[in-house]
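The values are calculated or read from the model by the stated rules, or taken from the named source; none is laboratory data. This structure is a prediction, so every number in the text was calculated from the model and none was measured. Cβ sites come from the backbone with ideal geometry, for glycine too, and all protein chains shown count toward neighbours.
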Amino acid sequence: MNWYTRRNFIKQVAASTGTLAFATGCRRLQVTDRNDLSPPAIDRLRAILKGRLILPTDPSYESARRVFYWNAATERRPLVIVQCAHEDDALRAVEFARSHALEVAARAGGHSHLGWGCSNGLVIDLSGMKRIEIDPQRQTARFDGGALSGEVARAAGRHGLAPVLGQCPGVGASGVILGGGLGWLSGLHGASCDNLVSARLVTADGRVLTADNQRSSDLFWALRGAGANFGVTTSFECQLHPISPVTGGDIHYSVRDARTVLRLFRELMDEVPDAFQATLNLTPGERGVFVSLCHAGSENEAERTLRSLRAIARPTKEFVRRQEFAALAERPAATNPANTRPPAFRGIQTVYRDRLSDDLIDIIVDRLGHASPEVIMGISHYMHGQVCRVAPSATAFPLREAGGLNVRLAYTWNDSATGQRLTQWADESVRLLRPSTGERIYANFQTYEARSGGAAVYGVNFSRLAAIKHKYDRENFFRRNSNILPTRDAEAGSRSAARSFISPR
């Protein structure tokens, strides 16, 4: 598979120094062997936590270690899981991991495509931290690091407001923001990170910082698109936006019309108003090809766009209605349909392309023809509107080109034979879908390493981010992410990052 392996991880860690030292002015720590977790040490940690501490011997361990995209490539066996109930728990967990030289993973919703929410060391699980406060006058939301996108949308919706967060309600709001963030309202209001007002985080050296435009402004810039590199972010303040009922739902077409739908979908998306966003899903089964949409403009404007969608090809069925935005935000994602038994394993592969070209359409249709019923292919986050009017260097999130999109391949299985067959199909699909030059990767959708390493994820911002990483996390303590190797010398950082990554097969 084109995913991280343990060998990749070991080689990346070896590229950095072997001892733990932290930001300027912080003392070096004496660390123990990572497996030397004595009962007294565990008992001391347990005693100071407000939340729960879970060990491999506990009955809840198996469920606690799982992430959403669970498979042989993402599976990890953490030595310690800290389920946080308070910011202090995250701080104590970081301190414990440092003193015992444990690899750290932080999670909220656990939807990282590469399973970065789990590790073989210590997992900091924020999913129990759910506090959400809405300020209707300032039109802002404050929420803890464990809040999900759908939960924030529901709380804001009670006041006629909406956040700019992910389209899937089960995705952690924190992860969406820290990786850039694209959703139903990005055409109107930009990326999720463009709407971040402030954040609190625990850094590698055990500080708790507030970052905004006035305080730690360099860190605030970096958090908006590369945030997982810099600490455990425990709370956020985000801008909300007034919203009226929206038009949303699905329009289905026959799989026989896939090529026509793809081409006309491209033409439509190049001309749609900022208030419209849609994802295109393609399945070889009875669901066929379907467009999932949200139009946040007036009902008349939405109807004009719907007429264009109905003219793409003859719809086989349609489920579109006027509804509250929060209700739309609560709908399960196409890759996680409701009323179905959860599979044993999930996998996903994605490729970012700067244009839905005819050649790309031909590859998608061909691979759909070789897909099995467990597969859902798709076009996600078609870039247009306000998100593309922000300069690539205004935040750490650089993907601002109109017409850019992510090709998505999602699949599930319950037995190893099926998993091997699907993985081989996905690997071959990704090989064909990847661009030959100028490869880019959306951090929140990353499923493989580009040959240029972190530069493919962070583009023009990579050198600046490497220097900020050196300032706040010199020893790359937080590395379960779209990782940036810390360096003072930006040019050397680019060379080092490219060397430290193994080129995919």
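What to note about this one:
- Filter result for the condition that a residue is more than 23 Å from Ser482 (Cβ to Cβ), of a type outside the set (S, T, N, Q) and part of a helix (DSSP H, G or I), over Ala228, Ala155: Ala155
- For the residues Leu188, Leu165, the requirement of being more than 19 Å from the chain's Cα centre (by Cα) and under 21 Å from Ala278 (Cα atoms) singles out Leu188.
- Options Leu328, Leu268, Leu306: the member that is crowded, with 17+ Cβ neighbours inside 10 Å, in contact with a strand residue (DSSP E or B) (Cβ under 7 Å, 6 or more places away or on another chain), at pLDDT 95 or above and of a type in the set (A, V, I, L, M, F, W, C): Leu306
- Check on Glu439, in contact with a Lys or Arg (Cβ under 9 Å, 6 or more places away or on another chain) and not in a helix (DSSP H, G or I): yes
- Number of residues in region 52-61 that are more than 12 Å from Leu79 (Cα to Cα) and either part of a helix (DSSP H, G or I) or within 25 Å of the chain's Cα centre (by Cα) (or both) equals 0.
- Enumeration of residues in region 221-237 that are surrounded by 24 or more Cβ atoms within 10 Å (Cβ to Cβ) and over 13 Å from Gly179 (Cβ atoms): Gly231, Val232, Thr234, Phe236
- A Cβ distance below 8 Å, combined with a sequence gap of six or more or placement on separate chains, defines the contacts here; from region 354-373, residues that are more than 18 Å from Thr283 (Cβ to Cβ) reach residues that are of a type in the set (Gly, Ala, Ser) and part of a loop (DSSP other than H, G, I, E, B) in the pairs Asp354/Gly403; Asp354/Gly404; Asp354/Gly438; Arg355/Gly403; Arg355/Gly404; Leu356/Gly403.
- When region 190-209 is filtered for residues that are among the basic types (Lys, Arg) and either crowded, with 24+ Cβ neighbours inside 10 Å or in a strand (DSSP E or B) (or both), only Arg200 remains.
- Val375 being at negative phi, surrounded by fewer than 15 Cβ atoms within 10 Å (Cβ to Cβ), of a type in the set (Val, Ile, Thr) and not assigned by TED's automatic domain parsing to the domain that holds Tyr69: no
- The conditions of being surrounded by 24 or more Cβ atoms within 10 Å (Cβ to Cβ), modelled with pLDDT of 95 or more and in a strand (DSSP E or B) are met by Ala106.
- The lone criterion from (1) surrounded by fewer than 22 Cβ atoms within 10 Å (Cβ to Cβ); (2) at pLDDT 95 or above left unmet by Phe276 is number (1).
- Conditions (1) over 21 Å from Met383 (Cβ atoms); (2) in a helix (DSSP H, G or I); number of the one not met by Asn444: (1)
- Test: residue in region 392-408 that is part of a helix (DSSP H, G or I), touching a residue at least 60 places away in the same chain (Cβ under 8 Å) and either in contact with a Gly (Cβ under 8 Å, 6 or more places away or on another chain) or hydrophobic (A, V, I, L, M, F, W, C) (or both): no
- Meets criteria (surrounded by 22 or more Cβ atoms within 10 Å (Cβ to Cβ) and at pLDDT 95 or above) for Ser186: yes
- In region 281-328, the residues that are in a strand (DSSP E or B), under 28 Å from the mean Cα position of the chain (by Cα) and closer than 11 Å to Tyr253 by Cα: Asn281, Leu282, Val289, Phe290, Val291
- Qualifying position, being over 22 Å from Arg259 (Cα atoms), crowded, with 21+ Cβ neighbours inside 10 Å and touching a residue at least 40 places away in the same chain (Cβ under 8 Å), among Gly347, Gly385: Gly347
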